[in-house]
Amino acid sequence: MKIGKKVGTPSSITFVSSAYALLLMLLVFMSNCIDTATKAPGPFVYTTSYVNCTGCGDCVEPCPEKAIKIIETQHVIRASIDADKCVGCGECFFHCEFNAIERKLKEE
Ligand code: SF4
Ligand code: SF4
């Protein structure tokens, strides 16, 4: 006689745990890859895209505040914007030919 439905097996629990752990690792990884230039005056916030940035350095010199550095994170070389120095002028945005500087309206 069948009493109840079996709801979980050790292998399915392991799979869910592994998927959850992978998701957490991905979130931590991505949080290390995106800058937050929240102190910049003006309507926009500038950040660098982990995906598009080639680390070419073409945005470094045009930045009047010397707010951009080329760094290595997770074995990837890319540009990083110092949120404390950025004044939101947009020079980096217009100089990057890889669309790797992201410009977003500040949230109110
Ligand atoms: S943000 Fe653009 S210009 Fe700056 S290093 Fe990355 S790809 Fe080069
Ligand atoms: S917005 Fe202006 S100050 Fe900010 S990182 Fe880009 S070039 Fe530098």
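Each reported figure results from applying straightforward, stated rules to the coordinates on display, with no laboratory input. Here the structure is a predicted model, which is why all the values come from computation and not from measurement. Neighbour counts run over all protein chains shown; Cβ positions are idealised from the backbone, glycine included.
Odds and ends about this structure:
- Applying 1/(1 + (r/R0)^6) with R0 = 41 Å to the Cβ-Cβ distance of HIS95 and HIS75 gives a FRET efficiency near 0.95.
- Nonlocal amide H pairs with GLU102, under 5 Å, H built at 1.01 Å: THR47, THR48, SER49
- For the pair LYS104 and THR54, the difference between a 0.36 nm per residue extended length and the Cα-Cα distance amounts to 16.0 nm.
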